[in-house]
1. Relative contact order, percent, of the chain when contacts are C-alpha pairs under 8 Å separated by at least 6 residues?
2. Dividing the Cα convex hull volume of region 61-116 by residue count, how many Å³ per residue is that?
3. Mind checking region 194-278 for trypsin sites (Lys or Arg not before Pro) that DSSP puts in a loop (not H, G, I, E or B) and that have at most 12 other Cβ atoms within 10 Å?
4. How far is helix 20-32 tilted off the main Cα axis of the chain, in degrees rounded to 10, range 0 to 90?
5. Toward the positive end of the charge dipole of the chain, about the Cα centre and with charges on Cβ (Lys, Arg +1; Asp, Glu -1), which of PHE230, ALA261, PRO141 goes farthest?
6. Using only Cα atoms, find the angle between the long axis of helix 5-18 and the longest principal axis of the chain, and express it within 0 to 90 degrees, rounded to the nearest 10.
7. Under a 1.4 Å probe, what is the accessible area of the chain per residue, stated in Å²?
8. Just need the Rg to Rh number for region 174-278, please, alpha carbons only, Kirkwood Rh.
Amino acid sequence: MAWEFLTVYWREMIRFVRFRTQLFSSLLQPAIWMAFFGIAMSSNLDRFASSIPVPAGVIQVDYLTFMAAGVIAMTTLFTSLYGGMSLLFDKNWGLMREMLASPMPRTHIMLGVSLSGMTKSFIQAGIIMVFGLLLGVRFFPGFSAPRIALSVIGVFVFLGAFSLGFLLLSSNISMRLESPEGMQGIMTLLSLPLFFVSNALYPIQAFPPFLQVLSTYNPLTHLVTGIRYFALGNDFFAVGAHYTITTAEVLTSFAYLTVFAAVMYLLARRAFERAVVA
């Protein structure tokens, strides 16, 4: 088996660590979101939802905990969508020409970039979990130590499938563009609708019917569903709504993310095979 992708992976991780501004901003952004937006919204929504009776025997989850899963998903989405930006800079600086001309298979370039992006997403998700616990997020309520370990693994498996799909999408787009400004415009156009038409911040039951339909096809919705299943359990009450997540629903969400990643892989592979950098 060829291991050339590890060279690309290691280069991307060195770049991530050495660019201190990018490193600290990517780590501080979700923490600031949790600290300010999360606490402010939690104090308001929890007060509004306090008048709704909680079903007997159901764990009540405050909005900060409910939203924390959405913040993890949001950070993974933004990190993954912008993960292919380094390829665009490599094209503009002439480095991509050297990599494409090397004996390394072209698919190893996108594989190395994708694995580095997944690693960054894992690091950020771990930091958000720890920081959220310090703020009062109640993940893994009443879970035993073995169940917590399995739940963390489950969360990261979902994060890996989701981030891989969007990293490959980002790589595909970056190989077809020449301008960083154009790349940023497309990423902004994609990120905000994906984020707000999902269950990251609010229950989708309150959405208009057409938005509910869109949210069911939104990969971010399936990621958040998986995170909440593993971090909060399959039966909880939050934001005035009773949530029950079955094992079948979680498996369906994971299958959806896996198929999405597979389709993005085929499209990205085609883009790399046809790439010509002058």
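1. Working: 349 pairs, mean separation 78.8, N = 278.
The value is 28 percent.
2. Working: hull volume 4.0 nm³, N = 56.
Here the figure is 71 Å³ per residue.
3. Values: sites: ARG228, ARG269, ARG270, ARG274; in loops: ARG274.
Qualifying residues, ordered by number: ARG274.
4. 20
5. Highest projection toward the positive end goes to ALA261.
6. Between the helix axis and the principal axis of the chain, the angle is about 70 degrees.
7. Working: 13340 Å² over 278 residues.
Result: 48 Å² per residue.
8. Numbers: Rg = 17.3 Å, Rh = 16.0 Å.
Across region 174-278, the Cα-based Rg/Rh ratio is 1.08.
The values are calculated or read from the model by the stated rules, or taken from the named source; none is laboratory data. Here the structure is a predicted model, which is why all the values come from computation and not from measurement. Don't worry about glycine lacking a Cβ; one is built from the backbone with ideal geometry, like all the others, and counts go over all protein chains shown. Ligands, DNA and RNA are excluded from the accessible area calculation, which covers all protein heavy atoms including side chains. Shrake-Rupley method; radii C 1.70, N 1.55, O 1.52, S 1.80 Å.
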